[in-house]
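The values are calculated or read from the model by the stated rules, or taken from the named source; none is laboratory data. Fair warning: this is a prediction, and the values are worked out from it, not measured in the lab. Cβ sites come from the backbone with ideal geometry, for glycine too, and all protein chains shown count toward neighbours.
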Amino acid sequence: MGASNKICPNCGRKMKQQFIGLQHCKCGMSWKKDIGFFKRTSDMVFALQRRNVGKKVKQVPVIRRKQ
């Protein structure tokens, strides 16, 4: 995976990449391409979802809520 280029606005550390387009910091801040920076909560579950794009199947990161 590529190197992280996002810096946490809370603590100033480099964010670690979990999936392409989804990065996290130890302080509880996260970043996602379409959302931007957001604070993680305990009911969030980060996963990959398969989507058909033409003839290809791509995996994209999604955020789900615990039931």
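Before moving on, here are some points about what is shown:
- When each of ARG13, ARG40 is tested for being touching a Ser or Thr at 6+ places or on another chain (Cβ under 7 Å) and either surrounded by 13 or more Cβ atoms within 10 Å (Cβ to Cβ) or of a type in the set (Phe, Trp, Tyr) (or both), the lone residue that passes is ARG40.
- Within the stretch 23-50, considering residues that are in a strand (DSSP E or B) and among the polar types (S, T, N, Q), the one farthest from LYS6 (Cα to Cα): GLN49
- PHE38 being without any contact (Cβ under 8 Å) to a residue 12 or more places away in the chain and not hydroxyl-bearing (Ser, Thr, Tyr): yes
- Selection status of LYS6, surrounded by 12 or more Cβ atoms within 10 Å (Cβ to Cβ), modelled with pLDDT under 90, of a type in the set (Lys, Arg) and farther than 26 Å from GLN67 by Cα: yes
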